[in-house]
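The values are calculated or read from the model by the stated rules, or taken from the named source; none is laboratory data. These numbers come from a predicted model, not from an experiment. Cβ sites come from the backbone with ideal geometry, for glycine too, and all protein chains shown count toward neighbours.
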Amino acid sequence: MKNNKIAFQGELGAYSHIACNSLFKEFEVKTCATFEETFKTAFEDDSYKIVIPLENSLAGRVADIHYLLPKYKLQIHGEHFQPVEHNLIARPEAQMKDIKFVRSHAQAIGQCQKIIMDNKYKTIISADTAGSAKELSEGKDKSVAAIASKLSAEIYKLKILKENIEDEKGNVTRFLILGRNVQQPEFKKEKKYITTCIFRLKSKPSALYKSLGGFATNQINMTKLESFSVKNTFAQTNFYLDFEGHLDDRLVQNAMEELGFHTETLDILGVYEASPFRQK
């Protein structure tokens with residue numbers, strides 16, 4: 001079982017835990033209080049893989065991850081798209097009429113405004129969704145409910161009062177699977193791949209425009225390009241880039257060569273098979 005260990009940020013029952021269960025059913029699971037602790041776990045022990053949320057279809061990117069990726073330089077060896085389904089969860093003895101307060105992560109509360117406004121619930125902000133369910137199970141107040149996953153209700157022996165309470169359907173979080181000493185998959189033309197890199201441009205006019213020209217001329221599709229500031233300065237910017245293709249493909253090599261001309265730093269974080277979810 002040396003390499004059958006997985007770590008994620010949050011309490012048992014978190015959406016990251018659900019993603020882990022979808023990917024690695026037989027793995028030993030470790031919960032971490034922060035994203036930094038999660039990255040550090042895999043950095044210090046190569047028997048661990050970590051599952052990290054990168055972005056959400058409704059809320060956008062997850063804070064801190066873009067800074068931790070270049071700091072620890074773990075390698076990406078997969079991606080996973082996890083549907084997020086929020087549920088109103090309460091103590092076993094509680095009924096809908098008893099609920100006066102709802103606690104959860106700020107993002108979950110923001111995504112479930114209709115049920116909150118319709119019932120005039122007062123909100124309590126917690127560190128995470130599963131943590132709010134755990135806190136609920138440890139208390140005795142039946143007037144408080146939590147917004148969390150079905151797995152949270154199962155783990156903490158709580159009751160689901162209402163399922164799928166999110167305002168908008170199609171709420172999906174993209175996760176990355178990272179670790180050390182990851183083998184790059186062999187290039188096969190019939191398969192689809194994603195390559196992820198982080199780069200910093202040289203401080204020259206039109207550097208971004210010129211750096212991406214190779215992707216256009218070689219017909220490489222970029223699926224994500226996002227800037228984030230270098231810490232402690234407003235003068236420099238890093239860019240996170242996902243594109244379709246494998247580093248062993250000659251067209252990708254041409255595009256990367258062009259990108260390299262215009263960058264101060266260029267870190268390849270991983271080449272991995274594209275999730276089937278992308279074809280939906």
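Structure summary
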| item | result |
| --- | --- |
| Candidates Ala127, Ala207 - the one that is assigned by TED's automatic domain parsing to the domain that holds His246, surrounded by 14 or more Cβ atoms within 10 Å (Cβ to Cβ) and either touching a Ser or Thr at 6+ places or on another chain (Cβ under 6 Å) or without any contact (Cβ under 8 Å) to a residue 60 or more places away in the chain (or both) | Ala207 |
| Selected residue (criterion: nearest to the chain's Cα centre (by Cα)) from residues of region 215-237 that are more than 26 Å from Tyr67 (Cα to Cα) and not in a loop (DSSP other than H, G, I, E, B) | Ala216 |
| Test set (1) surrounded by 13 or more Cβ atoms within 10 Å (Cβ to Cβ); (2) in contact (Cβ under 8 Å) with a residue 40 or more places away in the chain - Lys140 fails condition number | (1) |
| Selected residue (criterion: nearest to Gly170 (Cα to Cα)) from residues of region 10-33 that are out of contact with any helix residue (DSSP H, G or I) (no Cβ under 9 Å at 6 or more places or on another chain) and of a type outside the set (Phe, Trp, Tyr) | Ala19 |
| Residue check, Thr237 without any contact (Cβ under 8 Å) to a residue 60 or more places away in the chain and either surrounded by 20 or more Cβ atoms within 10 Å (Cβ to Cβ) or touching a Lys or Arg at 6+ places or on another chain (Cβ under 9 Å) (or both) | yes |
| Members of region 58-78 found to be under 14 Å from Ser229 (Cβ atoms) and either of a type in the set (Ser, Thr, Tyr) or touching a helix residue (DSSP H, G or I) at 6+ places or on another chain (Cβ under 9 Å) (or both), listed by number | Ala63, Asp64, Tyr67 |
| Single match in Gly179, Gly170, Gly245 (criterion: surrounded by fewer than 19 Cβ atoms within 10 Å (Cβ to Cβ) and farther than 30 Å from Gln95 by Cβ) | Gly170 |
| Unique match (being free of Cβ contacts under 8 Å to residues at least 40 places away in the same chain and touching a strand residue (DSSP E or B) at 6+ places or on another chain (Cβ under 6 Å)) among Lys49, Lys71, Lys30, Lys25 | Lys30 |
